[in-house]
Amino acid sequence: MAQRDPEQYTPGDDGLIVEKVGSWAVEKLKLVTDYVYASGGARKKYLGTGAAYIDPFCGSGRAKIRGTTTFIDGSPVASFKRALQSPGRFTSINISDGDQELLAAATKRLTALRAPVQPVSGPASEAIPKIIQSLDKNGLHLALLDPYNLGALSFDLFEGLARLKHIDVIAHVSVSDLQRNAARYADEDYDQFDKFAPDWRTKVSTDMTKAAFRAAILKYWSTKVTALGLPQAKHWELIRGDQGQRLYWLILLARHDLAHGLWAKVSSAAKSPTFDF
Ligand SMILES: C[S@@+](CC[C@H](N)C(=O)[O-])C[C@H]1O[C@@H](n2cnc3c(N)ncnc32)[C@H](O)[C@@H]1O
């Protein structure tokens with residue numbers, strides 16, 4: 001393991017690098033893997049054409065819950081394993097990460113499980129076109145977009161994925177980044193919002209309260225993603241930290257009703273999206 005911040009990374013129980021994560025990562029992974037399991041029946045019909053799991057922010061494939069001795073599988077490993085328990089496995093596990101060491105660790109962990117892993121070097125904006133190029137356009141694919149911040153959740157990722165006919169996307173939209181940094185990102189010197197929601201400067205005024213500005217950016221992004229032909233599930237799952245603080249939403253984007261029905265079943269879908277900041 002290269003020299004790393006010991007607060008963030010540590011050797012894992014299998015000797016490979018793991019990231020230290022908050023306990024809320026368990027909630028995120030439960031929702032993602034519940035969706036993987038629930039969509040197994042639909043995936044089964046596409047085993048001939050292709051049913052890929054796409055994870056361009058894959059991490060190392062394993063994590064340690066901060067302040068505990070508990071290790072958990074990271075998203076690519078947990079999703080691969082859960083699909084095996086469902087009626088439809090994934091025909092490929094297409095992973096990437098901007099951090100080469102993490103990508104290599106995830107690849108090793110998946111290879112050890114005999115997963116059909118296809119690693120591609122990051123960053124995500126470079127990896128996604130290569131991954132899409134390698135997939136059957138008529139297959140049924142599932143992508144998890146799980147970056148730390150809004151700038152990395154760049155709009156070109158959605159544009160690329162929307163080219164696939166049958167694609168479900170689960171995206172991590174960081175509320176904490178929005179709440180902490182929206183005013184800073186609005187400054188000409190920052191390009192985070194330009195990546196997240198291109199052309200926002202011509203469409204969203206900054207001449208409003210901070211809360212109204214955050215809501216307006218998010219609504220603009222939401223409209224742009226919908227215009228790609230990727231409708232969002234009504235329910236945005238809010239993931240909270242240990243102190244109850246709002247961390248991020250997990251959002252499902254998908255064209256077919258079945259996906260929305262499954263999301264409603266596996267998420268706490270009784271709630272509606274809220275734009276209260
Ligand atoms: C929240 S972690 C992913 C955790 C993983 N999905 C899981 O649940 O186990 C975000 C990952 O994104 C990677 N990353 C950050 N910026 C990136 C970028 N622009 N392109 C690709 N990966 C990036 C980081 O190295 C980190 O591993």
With just the Cα atoms defining each centre, how far is region 1-30 from region 114-143? Give it in Å. 24 Å
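Out of the DSSP beta bridges found with both residues in region 136-277, what percent are antiparallel (nearest 5)?
Roughly 65 percent of the DSSP beta bridges within region 136-277 come out antiparallel.
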Which value, in debye to the nearest 20, gives the size of the charge dipole of the chain about its Cα centre, when Lys and Arg are +1 and Asp and Glu are -1 at the Cβ? 1040 debye
Distance between Cα centroids, region 72-109 to region 148-184: provide it in whole Å. 20 Å
If you take the Cα atoms of region 15-144, find Rg, then find the Kirkwood Rh from the mean of 1/r over all pairs, what is Rg/Rh? 0.96
Could I have the simple spin-label model distance between Gln133 and Lys210, label points 7 Å from Cα toward Cβ, reported in nm to one decimal? 4.3 nm
Could you tell me which residue out of His166, Leu238, Val120 lies farthest along the dipole of the chain toward its positive end? Charges go on the beta carbon: Lys and Arg +1, Asp and Glu -1, centred on the Cα centre. His166
The chain: antiparallel DSSP beta bridges as a percent of all, rounded to 5: 50 percent
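Give the order of Asp5, Asp97 when sorted by the count of other beta carbons within 10 angstrom, beginning with the fewest.
Neighbour counts put them in this order, fewest first: Asp5, Asp97.
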Would you mind ranking Ile217, Ile167, Ile95, Ile72 by Cβ crowding within 10 Å, fewest neighbours first? Ile72, Ile217, Ile167, Ile95
Sorted by Cβ neighbour density within 10 Å, fewest at the top, the residues Trp249, Trp236, Trp24: Trp24, Trp249, Trp236
Ratio of alpha-carbon Rg to the 2.2 N^0.38 Å globular estimate for region 178-277, to two decimals, please. 1.17
Extension length gain for Arg180 and Glu27 (0.36 nm per residue less Cα distance), in nm, is 52.8 nm
Equivalent ellipsoid semi-axes - Cα gyration tensor, the chain, angstrom: 28, 23, 18
Straight-line reach from Lys45: which lysines have Cα under 28 Å away, leaving out those fewer than 8 places along the same chain? Lys28, Lys30, Lys81, Lys130, Lys137, Lys165, Lys234, Lys265
With label points built 7 Å along Cα→Cβ from the Cα atoms of Thr68 and Ala264, find their separation and express it in nm. 3.3 nm
Using 0.36 nm times the number of residues separating Thr202 and Gln243, minus their current alpha carbon distance, what extension gain do you get? 11.0 nm
Tell me which of Trp221, Tyr190, Thr202 sits at the most positive position along the dipole axis of region 179-226, charges placed on C-beta atoms (Lys, Arg +1; Asp, Glu -1). Trp221
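Throughout, read-outs are computed from the coordinates displayed, never taken from laboratory work. Given the structure is predicted, the values throughout are model-derived calculations rather than measurements. Heads up, the Cβs are rebuilt from the backbone with ideal geometry, glycines too, and the neighbour counts pull from every protein chain shown.
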